[in-house]
Amino acid sequence: MKKIIKFVYGLVFLTAIGTLATVVPQEELSSTKSIMSQFLTHLTGLRKYMGSQEIFTDPKNNYEISMHLKEFSKLAKKAHEDVNLQKTNFKFSREVLEEHIIDTERLFRLGNKSFARWKLSSTLSVCMSCHTQMPGTSKVFEEIRRLKPLTSDFEQAEFLFAIRDFESAYKIYDQAILSFPKGSFDSSQIEMALGRQLMYFSRIKKDPAAALVVFEKYRQLKNLPAVTRADIASWVQQFQKWTKQPLPSLTTATDQQILDFVKSKIDVKRKSQDIDFVTYLQVSGLLYEFLQYRPESKVVPEILYWLSICDRAMHNTFFYSLADLYLRECITKYPTDPIALKCFQEYETQVILGYTGSRGVDMPQEVADDLKQLEKLVTSQKFKSKK
């Protein structure tokens, strides 16, 4: 499947509260809710400017957009201190999104409005990495749902999916796929819609039987491009395999049983074009749940390693890749764990590849120094033996 375009109409970081509400005691959510209610105010104000480059860059809208972005920037920094958003499985998305928001405000303030709008729009992939970690639908943002629909069905579906109204988004995506090419979605938007449906059934609903009913229906559509139908056929096969080997239960499975299942599903040597997306979405969802329900487990460093492998393999196809952050967390927080060296080796390899071109490796000195510090961290300490 081709890389899906990054697109959003509004900052939807605040919807992480919908996920938190399912697993955090009510009394612990008060500060988070306060932050999110403020996000809601500014999100509503920005929403009307996001659908058009012309509107976003119009000088007459400078004051209001700038005001909302400045407040977003302040709230992003405030969210950094929130106890719930510091939890292991949410912190990575929060940190990346915080950087996105602050950088967006700076770009707009310096006059680079087109890039600021692009930066703002690209946050959807970051948001998705958080919003699809756990099943459930947010009931917190009914006010947003009742706002006037955006300018197209595609934009409305994306917005609904981003605020965790998955069922409503599903209906729009489904109708668009079934009516292609007569509907309002173009081919790239159909690809996005299929990706969202795949994520919905694999990571959110975790229901391979329901997925088979839907994707078998899509597989019969002759008007879809041949390459798209080939992707769908592959997904059907992956869902069929899933029905024969269910996910282990976090209520009964041991840490080692979880890891054994993950290792049986994920091949570190597999090339990105050979990835079984259903399997990787299934496994990454399990790993996120593990971090949520067993944050003190001794195998958390290894869970972070496998999350990085999963995330890297999907290569931004569904959301912003947080692989490097998982590896750095493994290295810096758990340097005495044997897996830390493996995390460093993976991280070093990816950094070097990122700076490798026709002239060889052209790495900035500060990046090289950072690698040396990380290597020293994991090699200068005696590893603790695992039981």
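Every read-out reported here was derived from the displayed coordinates using simple, explicitly stated rules and does not represent laboratory data. Note that the structure is predicted; figures quoted are calculated from it, not measured. Cβ placement follows ideal geometry from the backbone for every residue including glycine, while neighbour counts extend to all protein chains displayed.
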Placing each pseudo-label 7 Å from Cα in the direction of the beta carbon, GLN257 and LEU353 end up separated by a distance in nanometres of 3.4 nm
Ranked output for segments 215-228, 322-335 by mean other Cβ atoms within 10 Å, highest leading, reads 322-335, 215-228
At R0 = 35 Å the Cβ-Cβ FRET efficiency linking ARG294 and TYR63, nearest 0.05, sits at 0.15
Checked segment 165-245 against the a/c 1.5 cut and the a/b vs b/c comparison, axes a ≥ b ≥ c from its Cα gyration tensor; verdict oblate
For LYS222, counting only aspartates and glutamates whose alpha-carbon sits under 17 Å away and dropping same-chain residues fewer than eight positions off, the answer is ASP174, ASP186, GLU191, ASP231
Where a ≥ b ≥ c are root eigenvalues of the Cα gyration tensor, a/c under 1.5 meaning rounded, otherwise prolate if a/b exceeds b/c and oblate otherwise, segment 255-379 counts as oblate
Taking a crude spin-label model, label points 7 Å out from Cα along the C-beta direction, the LYS244 to GLU54 distance in nm is 5.6 nm
